[in-house]
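Reviewing the structure listed below.
All of the numbers you see were taken from the coordinates with simple rules; none came from a lab. Note that this is a predicted model, so its numbers are computed, not measured. Backbone-built Cβ (ideal geometry, glycine too); neighbour counts: all protein chains shown.
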Amino acid sequence: QVQLVESGGGLVQAGGSLRLSCVGTGSIFSFDNMAWYRQAPGKQREWVAVISSGGSTNYADSVRGRFTISRGNAKNTVTLQMNSLKPEDTAVYYCNAKRTSGATGRTYDHWGQGTQVTVSS
């Protein structure tokens, strides 16, 4: 069974930095896209950043230039380096991984349990 486990959340002052990590286990296949989402209290979950298996990245406008997504050397790992944090970045951050089977065309979509990031003003 595939599991994604996030770590690295915490409390930081505005202007500070945090680094989130996500490790995927239980899959013999490498994920295609890995991404980070976040959900603030009372708001819908929103996409933050994505990285493809080839290393292409894309970011939400709200975090572009401040956050960096990268894939680790180990298979199925992804990190999110967050700099210049703002109070509005406060949310639960979720790791997401997708893989499309070349044999069946089915897309598998996996989520972590989330890690809390709190930015104080």
Note the per residue figure in Å³ for the convex hull of the C-alpha positions in the chain. 104 Å³
Percentage relative contact order, the range 78-117, counting C-alpha pairs under 8 Å, at least six apart: 42 percent
Expressed as a rounded percentage, what relative contact order does the chain have, with Cα pairs under 8 Å and six or more residues apart? 35 percent
Over all directions, the range 35-79 yields a Cα convex hull whose mean projected area in nm² is 3.6 nm²
Summing +1 per Lys or Arg and -1 per Asp or Glu among the other residues with Cβ less than 15 Å from Ala97's Cβ gives +2
Please compute one quarter of the surface area of the Cα convex hull for the range 8-67 and express it in square nanometres. 5.6 nm²
Work out Dmax and Rg for the range 63-121 from the C-alpha atoms and quote the Rg first, both in angstrom. 14.7, 50
